[in-house]
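The values are calculated or read from the model by the stated rules, or taken from the named source; none is laboratory data. Computed from a predicted model, the values in this text were never measured in an experiment. Because the Cβ atoms are built from the backbone with ideal geometry, glycine has one as well, and the counts that use them run over all protein chains shown.
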């Protein structure tokens, strides 16, 4: 590792450090799709000079863009979260065959504990399955240095390189030594290399042998890789670990012997065997799957792993000590903190539409985005959620399985960014195979769930440049949908009317619920007209509470208030709207039958 003076250190998160490392490594092209915990990498990289960055419609496209730039000779970074690598798996496996021209590093950001994900997969398995090298840093400083080394490996061994982070490494902050930008390879001319880049079976068979030779060379290389290191200590207990788990082990057992693994694949088996021979008992500590354990045991090396260490969720020093039956006063259990359940924001356009959907007798096939929160009470308006874009296919499948009895019983709900990501092909399938389901595109003009990243329907790019805005209505009609209607989801009465009409229609239809996210800068600058409850008119019916708006709360009615307001004894309380939180969307006004809600200035 390069020594850098203290004055050249910065306080960076893991994602910020990766962005900095890409810039220092001479990356000129970067593509990805936003997804926690990887999103901030490109959001930071786009602030550096001399790097082209973009949000692609999905991860498959992002990797294909990256491969094209690499084939042209540029150094390339591609970013995504762990489930995004599933979407990119098709080009990923073939990229192992084509190899590279300019170095290409693919970030896979795993999410143990599923803080913001639909599953808890362990993407170390992709490195093994795709026969690609993988590096895994433990902290931001390592993330920066390992990324730069990953580019060197990529070009030396003619291979894409996976760099795996996890939520904790991506978001933790630390002091990171920084350096100057290195001039990487420059794409100056196209060099045709069909034998290498055209994966017809004849070429692919030759490249398959090249992969075997590459992995053999990499297996030798990792034995002396600087990130793989033995930290000598008490020989009674030895740990093999890597990534964030390394820091947990060091905190829980500071005096133990540790072999820190940075090259997750291929593994330095000679180093591992030597270390195992130096300790009395060998423990493998890793989050999620027994990846290290399986491959180490396959080499005949005795060790203890998932028999004791949990295979689900995140680890921490306390969990590790407890799992090994070695609790002590040095490591304490995490303190429980009050839960903060997620909720749609006050004024969110999705809320009104889900309120209307919940009142209909339909199966609501949901998707990935802010609107997934429509599942939670009191809205309770989502019946399935599988993965990006799956809502449309699921609705169509149910429609075909149920036949005549299912007509008018299934709807798919999907956001604008998710529709661009992987919903369009599902809608094509619905039209082609004559579905009678209704697709609802919740178009809030942005990719909101991951922090307001632009998408092809937003009108601007990651680099802040104006861009063509995809017209969703025209796109759906071009696919072949004859019945496409656009509504304002804040208009609950009209939205419900359109919903009922389209659900009853005996063919594929699309409703575009179009209203901007309330947190967009232009929306936040717009003057608000907050609403308030007139207590003399409120009957305590709780209709407004069923919207689930955080700005609306329930207040128990005291005897004195009841007497003052002339309320009936059976009324238990009334609704209150927070002036600070209310965005004046008018949804609660629309559902109040007693006209107890109005402008705050009129209901003082």
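Of note:
- You will find that of 262, 204, the residue that is within 27 Å of residue 160 (Cα to Cα) and in contact with a strand residue (DSSP E or B) (Cβ under 9 Å, 6 or more places away or on another chain) is 262 and no other.
- Looking across 293, 281, one residue alone is surrounded by fewer than 18 Cβ atoms within 10 Å (Cβ to Cβ), over 19 Å from residue 162 (Cα atoms), free of Cβ contacts under 8 Å to residues at least 60 places away in the same chain and in contact with a strand residue (DSSP E or B) (Cβ under 7 Å, 6 or more places away or on another chain). It is 281.
- The stretch 366-395 - residue that is in contact with a helix residue (DSSP H, G or I) (Cβ under 7 Å, 6 or more places away or on another chain) and in a helix (DSSP H, G or I) and, of those, surrounded by the most Cβ atoms within 10 Å (Cβ to Cβ): 371
- Residue 506 being modelled with pLDDT of 90 or more, surrounded by fewer than 19 Cβ atoms within 10 Å (Cβ to Cβ) and under 27 Å from the mean Cα position of the chain (by Cα): no
- The listed residues are 30, 96, 19, and the only one of them that is over 16 Å from the mean Cα position of the chain (by Cα) and either part of a loop (DSSP other than H, G, I, E, B) or over 28 Å from residue 465 (Cα atoms) (or both) turns out to be 96.
- Some residue of the stretch 152-172 being within 21 Å of residue 86 (Cα to Cα) and surrounded by fewer than 18 Cβ atoms within 10 Å (Cβ to Cβ): no
- Selection count where residues are surrounded by fewer than 18 Cβ atoms within 10 Å (Cβ to Cβ) and part of a loop (DSSP other than H, G, I, E, B), scope the stretch 471-490: 4
- All conditions in (1) buried (at least 24 other Cβ atoms within 10 Å of the Cβ); (2) part of a helix (DSSP H, G or I); (3) without any contact (Cβ under 8 Å) to a residue 60 or more places away in the chain hold for residue 78, with the sole exception of (2).
- The one condition from (1) more than 32 Å from the chain's Cα centre (by Cα); (2) surrounded by 12 or more Cβ atoms within 10 Å (Cβ to Cβ) that residue 243 does not meet is (1).
- Criterion: under 19 Å from residue 588 (Cβ atoms) and within 30 Å of the chain's Cα centre (by Cα) - qualifying residue of 512, 479, 518: 518
- Which listed residue is farther than 23 Å from residue 134 by Cα, assigned by TED's automatic domain parsing to the domain that holds residue 109 and over 34 Å from the mean Cα position of the chain (by Cα), from 205, 209: 205
- Residue check, residue 57 in contact (Cβ under 8 Å) with a residue 12 or more places away in the chain, in contact with a helix residue (DSSP H, G or I) (Cβ under 9 Å, 6 or more places away or on another chain), assigned to a loop (DSSP other than H, G, I, E, B) and closer than 30 Å to residue 204 by Cα: yes
- Test for residue 141: is it more than 17 Å from the chain's Cα centre (by Cα) and crowded, with 24+ Cβ neighbours inside 10 Å: no
- Every test in (1) part of a loop (DSSP other than H, G, I, E, B); (2) at pLDDT 90 or above is passed by residue 325 save one, and that test is (2).
- Cβ separations smaller than 9 Å between residues 6+ apart or across chains give no pair from the stretch 452-469 residues that are in the same structural domain as residue 40 (by TED's automatic domain parsing) to residues that are modelled with pLDDT of 90 or more.
- Among the residues of the stretch 513-552, the ones that are over 18 Å from residue 491 (Cα atoms) and surrounded by 14 or more Cβ atoms within 10 Å (Cβ to Cβ) come to 15 in all.
- In the stretch 135-185, the residues that are assigned to a loop (DSSP other than H, G, I, E, B) and closer than 12 Å to residue 105 by Cα: 158, 159, 160
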